[in-house]
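Have a look at the structure below before the remarks.
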Amino acid sequence: MPKIERTARLAWDGNVARGHGTIDAGTGAFGGLEYSLPTRIGQAEGKTSPEELLAAAHGGCITMSLASELTQAGTPPGRLDVTCRIVMDEVESGDHEIVASYVDAVVSAEGLDADALPALLVKADAGCPFSRMLRRAGAELHVTGRIA
């Protein structure tokens, strides 16, 4: 696989407490995603956060990895519905860190045996660069799944 590079552009106006920013994808796939501290730590109010974007990135990566593992096992997916929840919390030092990622997949794949799914989820997790990055950072990863 070739080296992959992607870019996002971010703008921020004001201080951290009352300021706000926007995020744009370098590809143009999305733009003007608003974020702020109040919507990061409180109600989202239709805005995003770095944690939500990380959940989307980790979820997207592991979904593609699972699709690959299912295909290699001879049971290509018809549909995967995946939810990823990122948890940031205060740690012992008083800093805030990403401490966990919870991934849950609902798998629709003709011929897939329910007993085979756990091993495929483990392989998909191991093959996901975002999972490896989060583990190296000390985050707990919980990957579960079930057949639709």
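Bear in mind these aren't lab numbers, they're just calculated from the coordinates by the rules spelled out. The structure displayed is predicted, hence computed values, not measured ones. Glycine gets a Cβ as well: all are built from the backbone with ideal geometry, and neighbour counts include every protein chain shown.
Per residue, the chain reaches -9500 deg cm²/dmol at 222 nm when only DSSP H runs of four or more residues are counted, each adding -39500 (n - 2.57). Computing Cα extents along the principal axes in Å for the structure here picks out one of (i) 38, 31, 28; (ii) 44, 31, 26; (iii) 55, 39, 31, namely (iii).
Quick check on the stretch 21-64: take the gyration tensor over C-alpha atoms, sort the square-rooted eigenvalues as a ≥ b ≥ c, and tell me if it's rounded (a/c under 1.5), prolate or oblate. Note, shape of the stretch 21-64 comes out oblate. Sorted fewest first by neighbouring Cβ atoms within 10 angstrom, 3, 123 come out as 3, 123. When each of 1, 64 is scored by the number of other beta-carbon atoms lying within 10 Å, the sequence from fewest to most is 1, 64. For the chain, relative contact order (Cα pairs under 8 Å, six or more residues apart, normalised by length) works out to 18 percent. Ranking of 147, 23, 62 by neighbouring Cβ atoms within 10 Å, starting from the fewest: 147, 23, 62. Per-residue packing, averaged as other Cβ atoms within 10 Å, sorts the ranges 50-57, 87-94 into the order 50-57, 87-94, beginning with the highest.
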